[in-house]
Every structure is written in C-alpha cells, then in structure tokens.
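Here the structure comes first, spelled out in structure tokens, and everything after it is commentary.
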Amino acid sequence: MTRRLLRLFLDSNVLSSGIVSRWGLDKAVLSLCAAQVCKLILAEAVRDEVEDALLERTRALDAAVATPIIEDYRLVIASIEPEVVPYPEEERVRSNRHLIRHLPDVPVLLSAMDARPDWLLTHNTKHFTKAVAQQTGLRIATPAEFFRTLTSLFE
C-alpha cells in the first residue's frame, strides 16, 4: 500500500530559517521532508529568495564560515528532492496583484496555488492572511500551527 505524503509548500522565511537554524520548528519541517514523511514543494520564486538571503547573510562572514552554509543548503535541497514549481508568467503576476498586498509575494502565492499543497507554511502572517487563504483555497499556517494541528490528530 502506497501512502500519500503531506505536500508542504514552504515560504522563503521558513525554508531559510530551517537551513540556518540549529534547531526549531522550521528545521523540524525540513527534517520531515528529508525523512520523506512530507514532500517539499519548492517554488522557483522561493528558491531564488532563499539563495539571495543566504548570500546576503553570508557576505559579511569569513569564507570558511559562509561556504559551508551555502553548501549545506544545496545538499539539503538535493537530498530532499523537492517538487519544483516554475515561476508564474509575468502577465499573470500583474493580473493577480489583487490577491495579496505585498507585490513580491504574488509569484510565491501563484506558485502555491499552482502546486495545490496540503499546507503553505510561512511566518509572514502580515501578508499571507486568513483572507488570502480563504480567497485562494490554500491552507496557510505557521510551522507552530502546522505542528499543533498534527499533534491534535493523535489526541
């Protein structure tokens, strides 16, 4: 019998924190994906945001410290074998600007809508609001809300 994995779409703040944090819920989400308990959905828009953030974060660091962070990121992503979602077309981004109030989040939101994940995990509840979730049909939560929901299934 084949079981269906929970499909998790991670916003860049969860993914980048999961990469650089030594422990925490963001790291735990990545661990679930690495263990193939969940399937990571990686939007190209998110991937590029994370890579830019990691490069910016490591720019001030000594190369001996910065290089392993970038290498770890690439190894983690490669080992997880995410489902990759391409960038939405520019015209589609412009025409769907009304869906979320922060323009850089539009490609991320459209990518999530295309992927139809079980969960979109983000810390950006200022922009990825309940109204956005309702309007798009996406289940949007923070990692903490995701884990609380999971644990409630075992009560």
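The values are calculated or read from the model by the stated rules, or taken from the named source; none is laboratory data. Everything numeric here is computed off the predicted structure, so don't read it as measured data. Heads up, the Cβs are rebuilt from the backbone with ideal geometry, glycines too, and the neighbour counts pull from every protein chain shown.
Structure values in brief
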{"item": "Residue in the stretch 97-109 that is nearest to Arg7 (Cα to Cα), counting only those that are among the hydrophobic types (A, V, I, L, M, F, W, C) and surrounded by fewer than 23 Cβ atoms within 10 Å (Cβ to Cβ)", "result": "Val106"}
{"item": "Residue under evaluation Val85, criteria (1) touching a residue at least 40 places away in the same chain (Cβ under 8 Å); (2) more than 14 Å from the chain's Cα centre (by Cα), criterion not met", "result": "(2)"}
{"item": "Selection within the stretch 138-155 - in contact (Cβ under 8 Å) with a residue 12 or more places away in the chain and either assigned to a loop (DSSP other than H, G, I, E, B) or on the phi > 0 side of the Ramachandran plot (or both)", "result": "Leu138, Arg139, Thr142"}
{"item": "Condition met for Asp105 (acidic (Asp, Glu), farther than 14 Å from Ser16 by Cα, within 15 Å of the chain's Cα centre (by Cα) and in a helix (DSSP H, G or I))", "result": "yes"}
{"item": "All positions within the stretch 121-137 that are loosely packed, with under 13 Cβ neighbours inside 10 Å, of a type outside the set (D, E, K, R) and not in a helix (DSSP H, G or I)", "result": "Gly137"}
{"item": "Of all residues making up the stretch 1-23, the number that are part of a loop (DSSP other than H, G, I, E, B) and at pLDDT below 95", "result": "8"}
